[in-house]
Amino acid sequence: MTEFWKEHSRGATVEEMMLDSRAQELTQNELPEILSMLPSLAGSTILELGAGIGRYTCHLLTKAKHVTAVDFMENFVEKNRKNNGHHSNASFIQADVTKLDLPKNSFDFIFSNWLLMYLSEEELKSFIERMLGWLKPGGFLFFRESCNHRSGDSKRDFNPTCYRTDAQYSHIVSTAVEDVPEKGQKFGFDIILKKKVQTYIEMKNNPNQICWLLEKVQRSSDTQNGFTTFQQFLDNQQYTNRGILRYEKMFGAGYVSTGGPCTTKEFVDMLNLKSGQKVLDVGCGIGGGDFYMAKSFGVEVLGLDLSENMVNIALDRAISEKLPSVQFEVADATRRTFPEGSFDVIYSRDTILHIDDKLELFKRFHSWLKPGGQLLISDYCCGEKPWTPVFDAYVKQRGYILYTPSRYGKLLEEAGFCNVRAEDRTVQFIEVIETELKRAEAIKEEFIEEFSEEDYLAIVNGWREKLGRSKTGDQRWGLFHATKN
């Protein structure tokens, strides 16, 4: 590897560093896209690993309290020092990152671009845990890698095994642990976002450039049904690939929520969407509603979902849909950041029931909307307490946080929204489930052949239980529409 990079760093050019003849053009488009994924860096201490000649260093320096830029190759480090050494908040280190010895809890943010793919499996696992230790609690790790695909147009024959799948990276970071026995604490990474680099899709037809933003958090002894993180619970229990596909078989192609295309059309039509508007879909599932909005109204849609399984299926469907105006990312909406006034519409279907601090989330929505922007949410709600023991057990087992439709509407008003319409749509919910039960009966043999009788009964019995809870008044379904002044 050293010999390879000596040969490819003689001029310390951006083309050499990126191993790509189109490096200048790619940088012009890619840089703002990557920077838009980062959290607020004001006043932060940053460790930049694999800094190269400083493509990103110069931008990080304008926001940070201090940036420590590290690279393996002397020529790259010297070029970065020459370009950025006049900043008083910069320091430069030439080092093999696997041998770095840095103090624990010393950085707010670690930034890495095209570095981890050069590490062996053993080196990578160890290094991820070392980075976890270098970060302060609440600190962030951002990294971008080529997954099973070269990033440039030069061959990298020196390390043919370095290209991992994005799932392999996700598994390694999600299982990293920092044990602090003297304080009785454990820390790990929670995912904030995982997203493909759109520049490489558009300019090189390369969908394998993936970015991750992770936050260092303390691991609680309380787990979600035995899983370390809520995302692991979703992907391994509630929304397995098989579970998602069997829901889709019932709800219709592209849909995994109540009413499928029927309620989607009804609710989206309330928004009077205009071509060119930007829509954020929170809890996008496998993308049916997003494709509908883009095809029918010419809007641009960004779909977020915390379930990696959901987003992976949505991304597969996006290839056949051929709609570049629809993008997806794995993201935690409670911690994702967007500039104020980024969207014309925020849309969410039966998702926010999972979120504890709804008021804080609604305040974020309010900030992300442009003046005059619209919010449309459908969500599981509840009747007034006391609930029946059966419903109380159901809510606890699912980990839901439910409010009455009227209380839900008041939270939207508290968040700053105006013209709030909070509608109890439980009667419609019951009608939709009854229709879905009839449809399930009609495709029963086909469904069982494709999945199993056990899968069929799991869905049908689940719907019947929902009907029972709804008819007693415990379970409600709300539709909410509001605007930002």
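If you go through the range 32-42 one residue at a time, do you hit one that is in contact with a helix residue (DSSP H, G or I) (Cβ under 9 Å, 6 or more places away or on another chain) and either of a type in the set (Val, Ile, Thr) or at pLDDT below 95 (or both)? Yes, that holds for at least one residue. Only a single criterion out of (1) exposed (fewer than 14 other Cβ atoms within 10 Å of the Cβ); (2) within 30 Å of residue 471 (Cβ to Cβ); (3) modelled with pLDDT of 95 or more is not satisfied by residue 419, namely (2). Residues in the range 337-376 that are within 26 Å of residue 229 (Cα to Cα) and among the charged types (D, E, K, R): 349, 350, 356, 357, 358, 360, 363, 364.
For the range 253-302, a residue qualifies if it is out of contact with any Gly (no Cβ under 6 Å at 6 or more places or on another chain), outside any loop (DSSP other than H, G, I, E, B) and of a type in the set (Gly, Ala, Ser), and the qualifying residues are 289, 294, 296.
Rundown of residues vs (1) aliphatic (A, V, I, L, M); (2) at pLDDT 95 or above, yes/no style:
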site: 240; (1), (2): no, no
site: 249; (1), (2): no, yes
site: 268; (1), (2): yes, yes
site: 283; (1), (2): no, yes
site: 289; (1), (2): no, yes
site: 341; (1), (2): no, yes
site: 344; (1), (2): no, yes
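When the range 107-137 is filtered for residues that are out of contact with any helix residue (DSSP H, G or I) (no Cβ under 9 Å at 6 or more places or on another chain) and among the charged types (D, E, K, R), the ones remaining, listed by number, are 108, 122, 129, 136.
For residue 371, the requirement of being in contact (Cβ under 8 Å) with a residue 60 or more places away in the chain, surrounded by fewer than 19 Cβ atoms within 10 Å (Cβ to Cβ) and closer than 17 Å to residue 413 by Cα is met.
The sole residue among 57, 45 that is β-branched (Val, Ile, Thr), surrounded by fewer than 20 Cβ atoms within 10 Å (Cβ to Cβ) and under 21 Å from residue 211 (Cα atoms) is 45.
Of the residues contained in the range 437-455, one or more are found to be closer than 20 Å to residue 242 by Cβ, in a helix (DSSP H, G or I) and under 29 Å from the mean Cα position of the chain (by Cα).
Name the residue that is farthest from residue 393 (Cα to Cα), counting only residues in the range 197-231 that are modelled with pLDDT under 95 and of a type in the set (D, E, K, R). For the range 197-231, the residue satisfying everything is 204.
Keeping to the range 197-207, report how many residues are touching a strand residue (DSSP E or B) at 6+ places or on another chain (Cβ under 6 Å) and not β-branched (Val, Ile, Thr). The qualifying residues number 2. One residue stands out among those in the range 66-88 that are part of a loop (DSSP other than H, G, I, E, B) and out of contact with any helix residue (DSSP H, G or I) (no Cβ under 6 Å at 6 or more places or on another chain): the one that is surrounded by the most Cβ atoms within 10 Å (Cβ to Cβ), which is 72.
Rundown of residues vs (1) over 23 Å from residue 269 (Cβ atoms); (2) at pLDDT 95 or above, yes/no style:
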| position | (1), (2) |
| --- | --- |
| 299 | no, yes |
| 317 | no, no |
| 352 | no, yes |
| 357 | yes, yes |
| 379 | no, yes |
| 395 | yes, yes |
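For the range 1-57, a residue qualifies if it is of a type in the set (A, V, I, L, M), within 20 Å of residue 108 (Cα to Cα) and touching a residue at least 24 places away in the same chain (Cβ under 8 Å), and the qualifying residues are 34, 35, 37, 38, 41, 46, 47, 49, 51.
Residues in the range 22-42 that are surrounded by 18 or more Cβ atoms within 10 Å (Cβ to Cβ) and of a type in the set (D, E, K, R): 30 alone.
If you go through the range 237-287 and pick out every residue that is small (Gly, Ala, Ser), buried (at least 22 other Cβ atoms within 10 Å of the Cβ) and in contact with a helix residue (DSSP H, G or I) (Cβ under 7 Å, 6 or more places away or on another chain), you end up with 4.
Does residue 407 meet the test of being at pLDDT 95 or above and in contact with a Leu (Cβ under 6 Å, 6 or more places away or on another chain)? When the stated conditions are applied, residue 407 does not pass them. Take the range 313-342 and flag every residue that is within 11 Å of the chain's Cα centre (by Cα), outside any loop (DSSP other than H, G, I, E, B) and not charged (D, E, K, R). The answer is 328, 330, 331. Only one of the listed residues (314, 253) is in contact with a strand residue (DSSP E or B) (Cβ under 8 Å, 6 or more places away or on another chain) and either under 29 Å from residue 475 (Cα atoms) or touching a residue at least 12 places away in the same chain (Cβ under 8 Å) (or both). That residue is 314. Residue check: is residue 399 closer than 24 Å to residue 335 by Cβ, among the small types (Gly, Ala, Ser) and within 22 Å of the chain's Cα centre (by Cα)? Yes, satisfied.
The values are calculated or read from the model by the stated rules, or taken from the named source; none is laboratory data. Keep in mind that what you see is a predicted model, and the values were worked out from it rather than measured. Quick reminder, even Gly has a Cβ in these numbers, built from the backbone with ideal geometry, and neighbours come from all protein chains shown.
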